[in-house]
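**Q** Before we start, here is the structure in question, set down as structure tokens.
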Amino acid sequence: MSIFDDLHASLQEAVDIKQGKVAATRVTHHEVADVKAIRAKLHVSQAEFAKALGTSLDTIKSWESKRRNPTGLAAKVLAILQKDPTYFNELASH
């Protein structure tokens, strides 16, 4: 089977799942960190949180208002902070 055939089969499977013809064999759920709750638990301002994470204040505001979701490395860092907020001090010191 060629790579084209593999891609075509995958695309057809996606269409069939979307149309309800077949059930997905695997479903992945990603928990989005509650940025506002993490920040509140740390007792830091949005500006302090943004600086520690190396992002903008607008990004923090967007995450907290749920207009955008953290992705990539930011999502991983937030997941760690949600589990263990003590890592924030390490981030903030750099």
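**Q** Can you tell me which of A52, A47, A79, A75 is closer than 20 Å to E90 by Cα, at pLDDT 95 or above and not in a loop (DSSP other than H, G, I, E, B)? Walk me through how you get there before you give the answer.
**A** On the way: A52 fails: at pLDDT 95 or above; A79 fails: at pLDDT 95 or above; A75 fails: at pLDDT 95 or above.
Being closer than 20 Å to E90 by Cα, at pLDDT 95 or above and not in a loop (DSSP other than H, G, I, E, B) holds for just one of A52, A47, A79, A75, which is A47.
**Q** What are the residues in the range 30-44 that are assigned to a helix (DSSP H, G or I) and loosely packed, with under 15 Cβ neighbours inside 10 Å, if any?
**A** Initially, the range 30-44 is screened for residues assigned to a helix (DSSP H, G or I), giving 35-42.
Hits for the range 30-44 are A37, A40, K41.
**Q** Does the range 59-72 hold any residues that are surrounded by fewer than 12 Cβ atoms within 10 Å (Cβ to Cβ) and at pLDDT 90 or above, and which are they?
**A** Residues of the range 59-72 surrounded by fewer than 12 Cβ atoms within 10 Å (Cβ to Cβ): 65-67, 71-72.
S65, K66, R67, listed by residue number.
**Q** Same structure, new question: Any residue at all in the range 9-29 that is touching a residue at least 24 places away in the same chain (Cβ under 8 Å), assigned to a helix (DSSP H, G or I) and of a type outside the set (F, W, Y)?
**A** There is no residue in the range 9-29 that is touching a residue at least 24 places away in the same chain (Cβ under 8 Å), assigned to a helix (DSSP H, G or I) and of a type outside the set (F, W, Y).
The values are calculated or read from the model by the stated rules, or taken from the named source; none is laboratory data. Owing to the predicted nature of the structure, the values given are computational and were not obtained by experimental measurement. Glycine also receives a Cβ, built like all others from the backbone with ideal geometry; neighbour counts cover every protein chain displayed.
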